[in-house]
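Notes for the one structure printed next.
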Amino acid sequence: MNFYKVTLSAAIATLSISSCLAQYSSTPPEVSPMPMKPEMTEIWEPEVTVVTPGKKLGDAPSDAIILFDGSSLDQWVSQNDPTKPAPWTIVNNDHFEVKPGSGGIQTKMKFGDIQLHIEFSAPDKVEGVSQGRGNSGVFLQNRYELQILDSYQNRTYRNGQAGSIYKDVAPLVNAMRSPLEWNTYDIIYTAPRYKASGAVDYPARITVLHNGVLIQNNTTIAGLTNYIGLHMYPDAHGDDVIALQDHGNKTQFRNIWLRKL
Ligand code: MG
């Protein structure tokens with residue numbers, strides 16, 4: 001018995017040492033008797049799909065779904081009554097702004113994993129403080145809020161400022177521009193995955209660039225971005241709408257497009 005124990009220990013020790021040596025050795029392990037050629041690691045088919053990028057940074061590429069280009073809110077409906085048109089106001093065929101008290105708006109289409117580009121500006125007239133100033137938000141899959149707030153010289157709780165996953169994860173930095181300037185969010189969102197039982201398999205993840213500055217780096221979203229209480233994933237869900245929040249402030253939006261991933 002002892003003999004076998006000792007022999008086994010010795011064998012394991014030898015294996016460990018040799019695997020360490022293999023890991024740190026500059027000599028590649030001999031895996032194949034066949035010599036490798038350059039073309040053996042080239043993949044040609046199928047050819048990668050060609051996409052025509054926008055003329056300038058922020059413009060929609062050829063495979064994007066346009067959600068707002070200045071002309072109409074046809075891709076959006078009222079959140080209070082999705083059978084009705086979006087009640088917000090288009091200004092100068094350029095942007096639209098929240099109509100306070102009319103309720104949020106949501107896309108007609110439903111989405112899962114996306115790349116989303118959205119431009120926004122805090123209300124021109126600076127009013128209120130903290131969460132009361134220029135508050136809105138992008139709700140991914142109608143559930144997970146990427147906060148929009150006038151965070152230019154306006155303190156609030158760090159996980160509630162512009163670029164936060166609301167009441168969850170603060171942005172890495174505050175890259176907010178002043179209220180008379182436009183901001184961009186470039187969002188890469190991965191929807192949560194669920195097991196057959198309905199339990200979460202993988203939580204949602206999000207990467208966000210705010211005016212080209214990385215503020216969320218493959219962040220795990222803890223669940224519904226509730227105002228009160230801890231965040232969780234109460235129910236399994238599939239594709240769903242993107243919603244923009246009416247928080248009583250005239251936040252402006254323009255140039256919204258996305259790509260399904
Ligand atoms: Mg908000």
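The values are calculated or read from the model by the stated rules, or taken from the named source; none is laboratory data. All of these numbers come straight from a predicted model, not from anything done at the bench. Reconstructed Cβ throughout: ideal geometry from the backbone, glycine too, with neighbour counts over all protein chains shown. For the accessible areas, the whole protein counts, side chains as well, though only heavy atoms, and no ligand, DNA or RNA atoms are used. Shrake-Rupley method; radii C 1.70, N 1.55, O 1.52, S 1.80 Å.
State in Å² the accessible area per residue of the stretch 65-260; use a 1.4 Å probe, count heavy atoms of protein chains only, and round to the nearest integer.
With the other protein chains kept in place, the stretch 65-260 gives 45 Å² per residue.
Determine the gain in length on full extension of the stretch Thr220-Glu42; use 0.36 nm per residue of separation and subtract their C-alpha separation, reporting nm with one decimal.
Taking Thr220 through Glu42 to full extension adds about 60.7 nm, to one decimal.
Could you give the dipole magnitude of the stretch 65-260 about its Cα centre, charging the beta-carbon of Lys and Arg +1 and that of Asp and Glu -1, in debye to the nearest 20?
300
Give me the percent of the accessible area of the stretch 65-260 that comes from carbon and sulfur atoms, probe 1.4 Å, all protein chains in place.
For the stretch 65-260, the apolar C and S fraction of the accessible surface comes to 49 percent.
Can you give the helix-only mean residue ellipticity at 222 nm for the chain, where every DSSP H stretch with n ≥ 4 adds -39500 (n - 2.57) and the sum goes over all residues, rounded to the nearest 500 deg cm²/dmol?
Helix contribution divided over all residues of the chain: -3000 deg cm²/dmol.
How big is the Kirkwood radius of the stretch 169-261, worked out from every pair of different alpha carbons and given in Å to one decimal?
Evaluated over the stretch 169-261, this radius sits at 15.5 Å.
Cα-Cα over 29 Å: which of Lys56/Lys167; Lys55/Lys108; Lys55/Lys110; Lys167/Lys250; Lys110/Lys195?
Result: Lys56/Lys167 exceed 29 Å.
Less than 17 Å from a label point 7 Å out along the Cα-to-Cβ axis of Asn211: which backbone N atoms in the stretch 135-166 qualify, by residue?
135, 147-156, 161-164
Largest first and in whole Å, what are the equivalent-ellipsoid semi-axes of the stretch 82-153 based on the Cα gyration tensor, each being the root of 5 times an eigenvalue?
22, 17, 12
Got the relative contact order for the chain handy, in percent, Cα pairs under 8 Å and 6 or more residues apart?
For the chain, the relative contact order is 24 percent.
Take the Cα gyration tensor of the stretch 65-260, multiply each eigenvalue by 5, square-root it, and list the three semi-axes largest first, rounded to whole angstrom.
Gyration-tensor ellipsoid for the stretch 65-260: 24, 20, 15 Å.
If I stretch the segment between Tyr227 and Arg155 completely, what's the gain in nm (0.36 nm per residue apart, minus their alpha carbon distance), one decimal?
Gain in length upon complete extension: 24.1 nm.
Zone of Asp113 (label point 7 Å along Cα→Cβ, backbone N under 12 Å): which residues in the stretch 183-198?
What the label zone holds, given the 12 Å backbone N cut-off, is 189-193.
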